[in-house]
Every structure is written in C-alpha cells, then in structure tokens.
Amino acid sequence: MSSSSVRGRRTGAAVAAAVLGLLAAAGGPALAATDASSPGRSPASSSSAPVHGAAVPQGISRLAQGTGRDVAITVDDGPDPTWTPQVLRVLRENHVKATFCLVGTRARAYPGLVREIAADGHQLCDHSVDHDETMDHKPVAYQRQQILDGKAMIEAAVPGVAVNYYRAPGGAFTPESRAIAAAHGMRPLGWSVDPRDWSRPGLPAIVAAVEGKLPEQPTVLFHDGGGDRSQTVAALEQYLPWLRARSYTFTFPARTAP
Ligand SMILES: [Zn+2]
C-alpha cells in the first residue's frame, strides 16, 4: 500500500470521528435515514420489535430512488481493512453516498470501518451473518438467524444507526427471508447492473457494463470485500466523475416504494 493511501486512511478516520461527533449532536444523515416516524427506535429493540412507520415492501428493490438521472451504488461483502477505506475515499472525493452491504462477522471484526461508513452518510445493508449463498435451501429458522443476527452485528458496531436494507448472499432470497427482512424494517435489496467486478474483468468491461444501463435508474453492484478489489476502486475512480459530469445524481435504492 502506498504512503498516500495510508495517509488517506488516517485522514478518513479523523473525518469520520469528527462527523460522528456532529451526528451525535445533530442527528445527522445516517440517523435521519431511519423512518421519520420512528426516530426514537432503539437499537436494542429493533431486532425483535415490529418497525413502525412506512411499511417496507417484501419485493426485491432493484432500482434507484428518484425520478430522473439517478444511480444507486451498492458495495458488498465488506468491511475489509484494505479495500473499504479506498472505496470510501473515492466516494468521498466524488461526494457520492452509497449503500454498503455488510457481512455480520466482518462488521464484528472491523467495527471502526462500519462506523466510518455510517459517519460518511452511507446507508447500511445487512448481508447476513457469514455470507452463506446456499441459505435459500436451508430451514427458515436458519435464514432468520442469518438475517437478524447479521443485523444485530452491524448495529452493535454503530448503535443508533438504521440498517435499512437486506441483501441475500448471492441473491439467494426466499419468500420467507424477504418477509423476515421487511418485517424488521429492511427492504430486500437486489441490483439491476452487475459489472462482475469480483471477476476482475478489466476496467473497460466494468465501466461499459454500467454505462449501458444508465437510462433505467440502475442499482449497481460493486464489491469492497472478498478479494482483490483494485479494479473496483479504479472503476469507481473513472465512473463516478463520468456520471457527475453528465448530471447524474447518486441516490439510494428504492426502499418504501415498489
Ligand atoms: Zn455478497
């Protein structure tokens, strides 16, 4: 790792600490992401108590919020001590808010990174306890445990911050898992563009895959965990300014609308 990226991480941590302080004082963007009608919902009760406020549909959300040139960036499988800080840096430099789908065991291992993600105003998404892509073939009780314990592990890292989405590992949703997630305030989250960044197809292929879907308010799948994500970082560095220059806006995936 270069000295500049190390320096960037330290700066990022300092910024995150400062923003956390502001959040504590003002109920800032990450907290504001909670349903407006349930601002007092405590993290201790959220994993078992019903969620009040706007109902969360059980259908899989695949598109960005908004009505225009909107794109939702989602980042999966972290947090990762090497790649998450680099992805956060690129997002910060481009003033982009994204949605991070966090694996519970990794959130427990790197709670500081979870706090940094939340402090930057990104949305948090439960990506299960340990990313079992075969969970759709397993008992509902197991799926429930994977979903709710994963949520609790993220909440333990950042108390008071909402986890507004659930993305099944590998997209392995079931009707039951979607219902469990929605009942706990988490919209089942899919994607509409998969640039296959995890297979390291090369930067031009990643960018081309994303750019072709822009008219459809895409939710785009990227990864900051599970392997070498240098191509993901490079793609975001190229892709985010390209979108910004064309007046696209960055939003979160649809949560309470179909
Ligand atoms: Zn994943």
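The values are calculated or read from the model by the stated rules, or taken from the named source; none is laboratory data. Keep in mind it's a predicted model, so treat the numbers as computed, not measured. For neighbour counting, all protein chains shown are included, and Cβ atoms are generated from backbone atoms with ideal geometry for every residue, glycine included.
Of everything in the stretch 155-176, what is within 14 Å of the ligand (Cβ to nearest atom), assigned to a helix (DSSP H, G or I) and either on the phi < 0 side of the Ramachandran plot or crowded, with 24+ Cβ neighbours inside 10 Å (or both)? Give them in sequence order. Even if it seems obvious, please write down each step before you answer.
Quick first cut of the stretch 155-176, residues within 14 Å of the ligand (Cβ to nearest atom) only: 165-173.
Keeping just the survivors that are assigned to a helix (DSSP H, G or I) gives 169-171.
The answer is P169, and nothing else.
With respect to V207, determine if the residue is β-branched (V, I, T) and under 17 Å from G66 (Cβ atoms).
Numbers: β-branched (V, I, T): yes; under 17 Å from G66 (Cβ atoms): no.
So V207 does not fit the description; no.
State all residues of the stretch 229-246 that are assigned to a loop (DSSP other than H, G, I, E, B) and either within 18 Å of the chain's Cα centre (by Cα) or at pLDDT 90 or above (or both); if no residue qualifies, say none. It would help to see each step written out before you state the result.
Taking the stretch 229-246 first, the residues assigned to a loop (DSSP other than H, G, I, E, B) are 229, 246.
Within the stretch 229-246, R229 is the sole residue that qualifies.
So L243 fits all but one of (1) crowded, with 19+ Cβ neighbours inside 10 Å; (2) over 20 Å from C125 (Cβ atoms); (3) within 16 Å of the ligand (Cβ to nearest atom); what number is the exception?
Every condition holds for L243 apart from (3).
Return a yes/no flag: does the stretch 191-200 have any residue that is within 20 Å of the chain's Cα centre (by Cα), modelled with pLDDT of 95 or more and either more than 16 Å from the ligand (Cβ to nearest atom) or not in a helix (DSSP H, G or I) (or both).
Checked against the condition, which is being within 20 Å of the chain's Cα centre (by Cα), modelled with pLDDT of 95 or more and either more than 16 Å from the ligand (Cβ to nearest atom) or not in a helix (DSSP H, G or I) (or both), the stretch 191-200 yields at least one hit.
Can you report the number of residues in the stretch 62-112 which are among the hydrophobic types (A, V, I, L, M, F, W, C), in contact with an Asp or Glu (Cβ under 8 Å, 6 or more places away or on another chain) and more than 16 Å from the ligand (Cβ to nearest atom)? Full working, then the answer.
Here is the first cut: in the stretch 62-112, the residues among the hydrophobic types (A, V, I, L, M, F, W, C) are 63-64, 71-73, 75, 83, 87-88, 90-91, 96, 98, 100-103, 107, 109.
Next, from what is left, pick out any that are in contact with an Asp or Glu (Cβ under 8 Å, 6 or more places away or on another chain): 63-64, 75, 83, 87-88, 90-91, 100-103.
Restricting the remaining residues to those that are more than 16 Å from the ligand (Cβ to nearest atom) gives 63-64, 88, 90-91.
Of the residues in that region, 5 qualify.
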